[in-house]
Amino acid sequence: MHTSPLQRTWKKLLLLVISLMIVLPVFEQPAAVKAASTDVQSTLESRTKSQIVEKWLKYKPMELGRDYMNGTHIFTVEPKLTAPYAAGKLKDSYIKDGINAVNFIRYLAGLPDDVEADWSIEQQQQTGALVNAVNQVMSHYPQKPAGMNDVMHQLGYDANRSSNLYYGSPTFYDNVLGYMSDSDSNNIDRVGHRRWILNPQMKKTMFGMVFSRSSSDSSSLGVRHATMYAFDKQRPAEDVSYNYISWPPAGYTPMEVFAASDAWSVSINPNLYDRTKTEDITVTLTRDSDQKSWSFNHNDRDVRGKFFNVETSYFGIPFSIIFRPDALEAMKNDEAFHVSINGLYTKTGLSASVAFKTTFFKMLSTYTARDSIVMESGETLTPLIENAITGSTMDWSSSDPKIVKVDKNGKLTAIAKGDAIIYFNSYLRDGSMLNVSVVDSDPSDKVSAWAAKEVKKAKEAGLVPRWFYYNFQSPMYREGFVEFTSRMAETVLGISLYEQKYEYGRSPFQDVDYWAVSWAADNGIISGTGKNKFSPYDSISREQAAKLLLNVYHYLAEKTGRVPVQKSSQTIFSDDSKISDWAKADVYEAVSLNLLNGVDNNRFNPKGSITTEQTIIILYRLFEQFYEQS
């Protein structure tokens, strides 16, 4: 939520990884000397949301936002990227921040959360980051930079070949969350970074970070190169008992640590199950709310969509079942999913299966608005806040109180025309800021009195973009209606539809190339006007709007698993015969859902236009139905 262009830039920096294949000893059946100190399955069965929140408060990031490692203040000794090179030294507090991230993730997975910093390899990990920063590449097997001595290069080489590596992400905490996602097309087949962090035998780790300066901009700190030591096995194998270790874990999982587009993985204990017999393995994922199911087998190989793989290389536990559903764009608070894995075999050759339930819940409070809010000078707004189980307060600040003030409850007061940013505490979501545009009120172009209340609510939800806040009584054009609709859908789903897959140059229409129109066409929400045209600047008629509304209503119902609301009764309009046959059913359903109303004398006026303020209200009403269920 709430991403700025700057935040989207670093998000798009690719997590570059080269497959790391090393031969480690085969896991042996542990000797039954003593009872395991941690039993993963029993630990997760008894865990509560409140316990997770309590652990979060112990392990949360050291500061708000993602900018607290953006300068040389993070070093006690700064690195030197020219000969004679120096790896530098990070402040202990930043390394501890990364350790906290690892321990929070491991706690969620049911593993021991007592991983410590291995200070004996501190210089090794920092040197690994240095070598990659000097080379300005991300490599597990880096070449020796010119002028670097063999000893230093070998130390950095040893670090990189035994580490998770990250390029560009701003903090160690964020690095760990990125490793846990591991779902880009280069990593989804093995989710190796994730499996190393969830290795039961991990006891210690260490981080390194160096900024690479661009040759064309010596004043810039450059891009962050980071290492995290991954191959630790200092914990005795018999200390942890498990049948499987999954991500997301069985039991409760905070929505903030797992995205709907992330791959699921279940690492199976190779001491209990046969990792050489994988051809019969299948997975079924079922959503509780609507019983929608996804079935996975070895034919599902779309690394950008529906995916399945069984991976038996030595990334932590050498037996992992990986799957990702398609068309899962959002998860609701307290939404449960059932996982059923069949086709397993025990070490003695018996057929076996694994089943568990994961329930996602919202842990942190955030703004509902995804990126921006528009206000008039002198106006007050209280943006919608998605409250979390913690019930904790939020911290707020304004980048320019002379333009917008914010109080302790998040209420905004517009002081003067201009732009400002409201910062709030968000640790794990896509952003921690809300852009506010303050405009002067125009007496000749004001929202109608009957519409003012709902337009204000729509603004507080972030549904009204600045560039549409005018011409309130003018007809809305077709492309504009679709843009409003896509913004509302993104807010309901809590995702960026654009960033998922929509790009310029792939429009199905000859007369428009806009991602929102492509998204709507791909999902059956809109159609053209004939001859491969969309007629983007034609006014949208009331019956066209009704059909679009019902299409997006059913789209959101499918994506969220929402049960449709009870419909109200509706009499036949006096101008029923003027409603096109293709729109008639949608018109009456839209009215019964209170998305549209008739006009005077029990007419619908199907060929009439929809104004800007009517568009805002219509889409707010649709949003409200789904937001109440979130």
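Structural remarks
- Evaluation of Phe315 against (1) among the aromatic types (Phe, Trp, Tyr); (2) crowded, with 21+ Cβ neighbours inside 10 Å; (3) part of a strand (DSSP E or B) (one fails), failing number: (3)
- Residue in the range 564-576 that is modelled with pLDDT of 90 or more, small (Gly, Ala, Ser), in a helix (DSSP H, G or I) and surrounded by fewer than 21 Cβ atoms within 10 Å (Cβ to Cβ) present: no
- Near pairs, Cβ below 7 angstrom, 6+ apart or cross-chain, from the range 118-130 (in contact (Cβ under 8 Å) with a residue 40 or more places away in the chain) to any residue that is crowded, with 24+ Cβ neighbours inside 10 Å and assigned to a helix (DSSP H, G or I): Gln124/Ala159; Gln125/Ala159; Thr127/Gly156; Thr127/Ala159; Gly128/Gly156; Gly128/Ala159; Gly128/Asn160; Leu130/Gly156
- Test: residue in the range 548-561 that is crowded, with 17+ Cβ neighbours inside 10 Å, over 30 Å from Asp334 (Cβ atoms) and either at pLDDT 90 or above or small (Gly, Ala, Ser) (or both): yes
- Residues of the range 65-113 classified as buried (at least 17 other Cβ atoms within 10 Å of the Cβ) and modelled with pLDDT under 95, total: 4
- Residues satisfying the stated conditions in the range 258-280, i.e. in a strand (DSSP E or B) and under 23 Å from the mean Cα position of the chain (by Cα): Trp264, Ser265, Val266, Ser267
- For the range 193-209, the set of residues classified as outside any loop (DSSP other than H, G, I, E, B) and either in contact with an Asp or Glu (Cβ under 7 Å, 6 or more places away or on another chain) or at pLDDT below 95 (or both) consists of His193, Arg194, Lys204, Thr205, listed by residue number.
One line per residue, one yes/no per condition, for (1) surrounded by fewer than 20 Cβ atoms within 10 Å (Cβ to Cβ); (2) at pLDDT 75 or above; (3) of a type in the set (A, V, I, L, M):
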position	(1), (2), (3)
Glu379	yes, yes, no
Met394	yes, no, yes
Ser397	yes, yes, no
Pro401	yes, yes, no
Lys405	yes, yes, no
Leu412	no, yes, yes
Arg429	yes, no, no
Met433	no, yes, yes
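- Residue check, Ala83 in a helix (DSSP H, G or I) and either farther than 30 Å from Ala250 by Cα or in the same structural domain as Met202 (by TED's automatic domain parsing) (or both): no
- For Gln126, the criteria (1) touching a helix residue (DSSP H, G or I) at 6+ places or on another chain (Cβ under 7 Å); (2) crowded, with 21+ Cβ neighbours inside 10 Å hold in every case but one, which is (1).
The values are calculated or read from the model by the stated rules, or taken from the named source; none is laboratory data. These numbers were taken from a predicted model, which means no experiment stands behind them. Cβ sites come from the backbone with ideal geometry, for glycine too, and all protein chains shown count toward neighbours.
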